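Engineer: I'd like to ask some things about the structure below.
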Amino acid sequence: MMNALVGILTAMLGTLGFSVVFRSKREHIFAVSVGGALSWAAYLASALLFESEPTCYFIASAVVGIYAEVFARILRTPTTNIFAVAVLPLIPGGALYYTMRYAVIGEWDSFLSQGSVTLGIAIAIALGILTVSTLVTVVTSSRLYHRLSEKARMLYREHPDK
């Protein structure tokens, strides 16, 4: 349990550092850092439920995608400003390193094995992003969404103090 908390805190601090490097706006840095912690926490939680590593990465990237969509609307910024940094803890740096290492030293069986794992993780992250983005686009372009948005604006005009 302590290792999980240390990993989540490390993900948050690492994301904080990258948000500074990527010059995120000051009002976005906290949300981005929490998103990084959430992405790693979602990965760890899904790892308790599923054995397949790509499945865990898919779920974690979908969770952070939903988080980014929500906070992008709250902060009135493009979703990629939140998501691009918050997903960084999920990037399979170690797997990519070992894939390239096996290629350089000529261990082709290990290269193919590790490469397929790395590719599976990358595809799972991309599919998680794509799934959430597509669902949000479908929902926000629906007639029901626009009707509800219009009613919310009308209610706000009638009671702006609430």
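Engineer: Here are some conditions: (1) modelled with pLDDT under 90; (2) part of a helix (DSSP H, G or I). SER24 meets all but one. Which one does it not meet?
Structural biologist: Every condition holds for SER24 apart from (2).
Engineer: Which one is farthest from the chain's Cα centre (by Cα), of the residues in segment 64-110 that are assigned to a loop (DSSP other than H, G, I, E, B) and touching a residue at least 40 places away in the same chain (Cβ under 8 Å)?
Structural biologist: Step one: filter segment 64-110 for residues assigned to a loop (DSSP other than H, G, I, E, B), giving 76-78, 87, 91-92, 106-107.
Keeping just the survivors that are touching a residue at least 40 places away in the same chain (Cβ under 8 Å) gives 77, 87.
Values: THR77: 16, VAL87: 4 Å.
Checked segment 64-110; the qualifying residue farthest from the chain's Cα centre (by Cα) is THR77.
Engineer: Now a separate question. Given the residues SER116, SER24, SER133, SER61, which is the only one that is at negative phi, polar (S, T, N, Q) and free of Cβ contacts under 8 Å to residues at least 60 places away in the same chain? Let's see the steps before the verdict.
Structural biologist: Working: SER24 fails: free of Cβ contacts under 8 Å to residues at least 60 places away in the same chain; SER133 fails: free of Cβ contacts under 8 Å to residues at least 60 places away in the same chain; SER61 fails: free of Cβ contacts under 8 Å to residues at least 60 places away in the same chain.
Only one candidate qualifies: SER116.
Engineer: Quick test of your reading of the structure: SER113 fulfils all but one of (1) part of a helix (DSSP H, G or I); (2) within 30 Å of SER24 (Cβ to Cβ); (3) at pLDDT below 95; (4) not aliphatic (A, V, I, L, M). Name the failing condition by number.
Structural biologist: (2)
Engineer: Okay, moving on. Inside segment 6-21, can you point out the residues that are within 16 Å of LEU90 (Cα to Cα), of a type in the set (A, V, I, L, M) and without any contact (Cβ under 8 Å) to a residue 12 or more places away in the chain? Full working, then the answer.
Structural biologist: Here is the first cut: in segment 6-21, the residues within 16 Å of LEU90 (Cα to Cα) are 6-19.
With of a type in the set (A, V, I, L, M) added as a condition, the list becomes 6, 8-9, 11-13, 16.
Once the filter is applied, which keeps residues that are within 16 Å of LEU90 (Cα to Cα), of a type in the set (A, V, I, L, M) and without any contact (Cβ under 8 Å) to a residue 12 or more places away in the chain, segment 6-21 yields only VAL6.
Engineer: Condition (residue is within 23 Å of the chain's Cα centre (by Cα) and more than 26 Å from ILE8 (Cβ to Cβ)) applied to segment 119-131: is it met by at least one residue? Talk me through it step by step, then tell me what you get.
Structural biologist: Initially, segment 119-131 is screened for residues within 23 Å of the chain's Cα centre (by Cα), giving 119-131.
Still in the running and more than 26 Å from ILE8 (Cβ to Cβ): 119.
So far as segment 119-131 goes, yes, one or more of its residues are within 23 Å of the chain's Cα centre (by Cα) and more than 26 Å from ILE8 (Cβ to Cβ).
Engineer: What is the number of the single condition among (1) surrounded by 15 or more Cβ atoms within 10 Å (Cβ to Cβ); (2) over 25 Å from ALA4 (Cβ atoms) that ILE74 does not meet?
Structural biologist: Condition not satisfied by ILE74: (1).
The values are calculated or read from the model by the stated rules, or taken from the named source; none is laboratory data. Bear in mind the structure is a predicted one, so any value in this text is a computation, not a measurement. Please note: Cβ atoms are built from the backbone with ideal geometry, for glycine as well, and neighbour counts cover all protein chains shown.
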